[in-house]
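The values are calculated or read from the model by the stated rules, or taken from the named source; none is laboratory data. Note that the structure is predicted; figures quoted are calculated from it, not measured. Note that each Cβ is placed from the backbone with ideal geometry, even for glycine, and that neighbours are counted across all protein chains shown. In case anyone asks, the SASA skips ligands and DNA or RNA and just uses the protein heavy atoms, side chains included. Shrake-Rupley method; radii C 1.70, N 1.55, O 1.52, S 1.80 Å.
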Amino acid sequence: GPLLLYVLDVMELPDPVLPQLPALLGPDVPAAGVLVVGNKVDLLPADCRGHLGRLRQRVAAACARVGLRGAALVDIRLVSAKTGYGIEGLVSRLQRSWKCAGDVYLLGATNSGKSTLFNTLLRSDYCKSRAPDIVDRATVSPWPGTTLNLLKFPIINPTCDRIFRRQERLKEEATKTEDQLSSEEKKYLNQLKKQGYLVGRVGRTFQQQKSSAEIDFDPDTLSYSMDEDPVDPPKKFEEREEFTHNEVKDARWCFDTPGIVKEDCVLNLLTEKEVKLVLPSHAIVPRTFILKPGMVLFLAALGRIDYLEGEKPAWFSVLASNLLPVHVTTLSNANTVYEKHAAQEFLKVPMGGEERMKEFPPLVPQDVTLKGIGTTEAVADIKLSSAGWVAVTAHAEEELLLRAYTPKGTALVVREPPLLPYISTIRGARIRGTPAYRTKKPSSFVENLRTTGSR
């Protein structure tokens with residue numbers, strides 16, 4: 001059977017499509033393997049040591065809840081398809097366990113990073129060396145359904161010699177420091193560091209042998225008299241390179257498939273321009289606020305949390321796209337703020353003024369009761385559909401009554417335990433006279449590069 005590479009966005013846990021996976025696979029699940037790839041770990045700040053191990057446990061628990069366990073579950077890997085973190089380990093795992101036993105299919109919800117992973121694997125040791133020049137890359141877009149064709153590339157056969165040569169390359173690269181990289185590599189690495197907290201370097205052991213370049217010219221086209229103007233030679237038609245019969249006759253293929261559209265998702269209500277603002281494209285910088293009962297927190301005009309009852313202040317840490325504004329007001333002013341500023345620049349998304357709000361569904365409430373476990377550990381995340389989430393931290397045994405809002409028809413999830421329970425500790429000093437703390441962005445880490453000093 002084939003290997004199914006199921007790509008899920010770790011920020012979307014509990015993954016809305018994962019429960020559908022056994023039904024999608026049908027009765028042949030035991031004959032197939034499923035390798036679950038938790039993507040976009042580069043966007044999440046480390047709230048404490050070992051946060052990746054905890055994230056992996058969360059993914060494993062989600063798989064177990066839908067019956068995906070045992071022999072059917074080949075492995076769980078955490079990666080960033082965008083920055084390359086974990087990709088070399090994923091390729092090694094695929095080559096070691098699956099070899100070239102069958103075709104590989106990438107499945108996942110829209111915006112899970114599935115097509116980005118396809119493109120990254122295409123330029124890695126998982127793909128035959130000549131294939132990147134021939135295969136059209138997958139379309140990477142925030143808009144659902146952009147991968148309309150079944151794109152594919154041929155998987156390289158991991159012979160003993162190739163595995164050995166690949167291991168030697170990885171060992172050699174792991175001994176390098178950033179100072180030993182070329183100027184181009186350094187520039188690219190710095191770009192990735194600005195985009196994510198976790199960065200990896202994806203290389204190729206097996207390069208296509210290129211023939212020496214020959215200059216082909218026609219002397220007649222280069223000569224002209226004083227009475228003539230020079231003319232450009234006619235462009236030769238370049239034939240598209242194709243695979244030979246021997247290259248594909250016994251090949252196994254890696255397929256990219258169209259994304260599965262998530263139901264009850266706020267992204268389904270947004271325009272392409274709005275989706276680009278909502279989906280994080282750079283490392284998320286947590287924003288923490290301390291609220292008293294009677295205060296309200298807005299995440300753009302896509303979500304709202306009212307702190308209705310409680311004895312003491314509580315901390316609300318927002319994890320969402322850095323482009324989405326967060327505003328805090330009082331309960332008495334909250335409705336006025338929403339009516340006045342929804343679809344305006346102040347709340348930013350949605351955008352388009354009064355006409356846009358006529359077609360946009362209203363916010364609907366859901367009451368949430370939480371009991372605090374300590375001032376350094378969040379009790380739960382309030383996930384405002386796919387717009388982001390708010391981690392709530394309260395004093396031990398403190399009971400909070402909250403009212404959370406999302407647009408009608410979208411899912412509001414109370415995630416217990418929270419994804420990053422110690423996130424409120426990553427904050428700067430309190431901004432005097434406001435409920436906000438200064439933002440603090442943790443440093444980036446490159447996984448397969450030797451460090452020259454303390455991290």
Within region 355-368, does at least one residue satisfy the condition of being over 20 Å from Tyr307 (Cα atoms), among the hydrophobic types (A, V, I, L, M, F, W, C), in the same structural domain as Leu308 (by the TED database) and surrounded by fewer than 16 Cβ atoms within 10 Å (Cβ to Cβ)?
no
Considering (1) closer than 30 Å to Asn157 by Cβ; (2) of a type in the set (Ser, Thr, Tyr); (3) at pLDDT below 90, say which one Thr221 fails and leave the rest.
(1)
Residue set Ala62, Ala72; condition closer than 20 Å to Phe255 by Cβ and buried (at least 16 other Cβ atoms within 10 Å of the Cβ); output residue Ala72
Counting only strands (runs of 3 or more DSSP E) entirely within region 389-429, those with at least 2 residues that are touching a helix residue (DSSP H, G or I) at 6+ places or on another chain (Cβ under 9 Å) and either of a type in the set (A, V, I, L, M, F, W, C) or farther than 23 Å from Val266 by Cα (or both) are 389-393
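Would you mind finding the one in Arg450, Arg427 that is of a type outside the set (Gly, Ala, Ser) and over 30 Å from Glu185 (Cβ atoms)?
One residue alone meets the criteria, Arg427.
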For region 405-419, does any single residue satisfy the condition of being in contact with a strand residue (DSSP E or B) (Cβ under 6 Å, 6 or more places away or on another chain), under 19 Å from Pro313 (Cα atoms) and of a type outside the set (Ser, Thr, Tyr)?
no
Of everything in region 406-455 that's aromatic (Phe, Trp, Tyr) and open to solvent by 50 Å² or more (accessible area, probe 1.4 Å), which residue is nearest to the chain's Cα centre (by Cα)?
Phe445
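Quick one: which of Thr336, Thr330 is open to solvent by 40 Å² or more (accessible area, probe 1.4 Å) and touching a residue at least 24 places away in the same chain (Cβ under 8 Å)?
Thr330
For region 369-383, give me each residue that is buried (at least 18 other Cβ atoms within 10 Å of the Cβ) and in contact with a Phe, Trp or Tyr (Cβ under 8 Å, 6 or more places away or on another chain). Spell out how you get there, then give the answer.
Within region 369-383, the first condition is being buried (at least 18 other Cβ atoms within 10 Å of the Cβ), and the residues that meet it are 370, 372-373, 377-383.
Passing the criteria: Glu377, Ala378, Asp381, Ile382, Lys383.
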Glu172 fails exactly one of the following numbered conditions: (1) at pLDDT 90 or above; (2) surrounded by 13 or more Cβ atoms within 10 Å (Cβ to Cβ). What is the number of that condition?
(2)
Region 32-53 - residue that is within 14 Å of Met11 (Cα to Cα) and not in a loop (DSSP other than H, G, I, E, B) and, of those, most open to solvent (accessible area, probe 1.4 Å):
Leu52
Could you tell me whether Arg432 is of a type in the set (D, E, K, R), over 24 Å from His282 (Cβ atoms) and not in a loop (DSSP other than H, G, I, E, B)?
no
In region 75-98, the residues that are of a type outside the set (D, E, K, R), part of a helix (DSSP H, G or I) and open to solvent by less than 40 Å² (accessible area, probe 1.4 Å)
Ile87, Gly89, Leu90, Val91, Ser92, Leu94, Gln95
